[in-house]
1. In the stretch 9-38, which residues are within 20 Å of Gln78 (Cβ to Cβ) and of a type in the set (Ser, Thr, Tyr)?
2. Does Arg85 count as assigned to a strand (DSSP E or B), within 23 Å of Arg108 (Cα to Cα) and either among the hydroxyl-bearing types (Ser, Thr, Tyr) or open to solvent by 20 Å² or more (accessible area, probe 1.4 Å) (or both)?
3. Among the residues of the stretch 44-60, is there at least one that is among the aromatic types (Phe, Trp, Tyr), surrounded by 15 or more Cβ atoms within 10 Å (Cβ to Cβ) and either at positive phi or assigned to a strand (DSSP E or B) (or both)?
4. Any residue at all in the stretch 104-113 that's at pLDDT 90 or above and either of a type in the set (Phe, Trp, Tyr) or surrounded by fewer than 16 Cβ atoms within 10 Å (Cβ to Cβ) (or both)?
5. Test Ile30 against the criterion of being closer than 20 Å to Val106 by Cα and in contact (Cβ under 8 Å) with a residue 12 or more places away in the chain, and give yes or no.
Amino acid sequence: MACKTSCKLCKKFVMSESITLSDAKLVVNIPAGDYRKGCKYCIVFSKGIPSAPTDTPVVITIGQGEEQYPFTDSYCAQATVCDIRSRTVYPTRVVTNRVSGTFRWVGRFCRDNNNDLPFLNGTAPAAPPAPTI
């Protein structure tokens, strides 16, 4: 049995071209192209992730474009540095509206709830109460 002389990756397999920290965001740049609404793309963060605070949001840019698209999970939670890993495949769908869009991972981030705010009340978040012993 003869081997194929040419192997190809799926056209929707996308490897990041760069990962940088800019304006308090982790910016993942993917190759230029048209990423269609509703289509699934497997994005790999192929470069090393720079050291950044764990709550730094992750955004995606396309080619030379400056527009930043949020990277979210299936529950629309914004990805942060602590949610992603380099050299990992993230199956995503492109979600768009009239003015912008997002790259939505089809999974859900596993988060440590210790960093969550205890409540929202319209004012600056207060420090959580100290545990009683």
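1. Once the filter is applied, which keeps residues that are within 20 Å of Gln78 (Cβ to Cβ) and of a type in the set (Ser, Thr, Tyr), the stretch 9-38 yields Ser16, Thr20, Ser22, Tyr35.
2. For Arg85, the condition - assigned to a strand (DSSP E or B), within 23 Å of Arg108 (Cα to Cα) and either among the hydroxyl-bearing types (Ser, Thr, Tyr) or open to solvent by 20 Å² or more (accessible area, probe 1.4 Å) (or both) - is not met.
3. No; the residues of the stretch 44-60 include none that is among the aromatic types (Phe, Trp, Tyr), surrounded by 15 or more Cβ atoms within 10 Å (Cβ to Cβ) and either at positive phi or assigned to a strand (DSSP E or B) (or both).
4. Among the residues of the stretch 104-113, at least one is at pLDDT 90 or above and either of a type in the set (Phe, Trp, Tyr) or surrounded by fewer than 16 Cβ atoms within 10 Å (Cβ to Cβ) (or both), which makes the answer yes.
5. The answer is yes for Ile30.
Here's the yes/no breakdown for (1) at pLDDT below 90; (2) assigned to a strand (DSSP E or B):
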{"residue": "Lys4", "(1), (2)": "yes, no"}
{"residue": "Lys11", "(1), (2)": "yes, no"}
{"residue": "Ala32", "(1), (2)": "no, no"}
{"residue": "Gly65", "(1), (2)": "no, no"}
{"residue": "Tyr90", "(1), (2)": "no, yes"}
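The values are calculated or read from the model by the stated rules, or taken from the named source; none is laboratory data. In this text, all values refer to a predicted model and were calculated from it rather than measured experimentally. With ideal geometry, Cβ positions are generated from the backbone for all residues, glycine too; neighbour counts draw on all protein chains shown. Note: areas computed on protein heavy atoms with side chains; ligands, DNA, RNA excluded. Shrake-Rupley method; radii C 1.70, N 1.55, O 1.52, S 1.80 Å.
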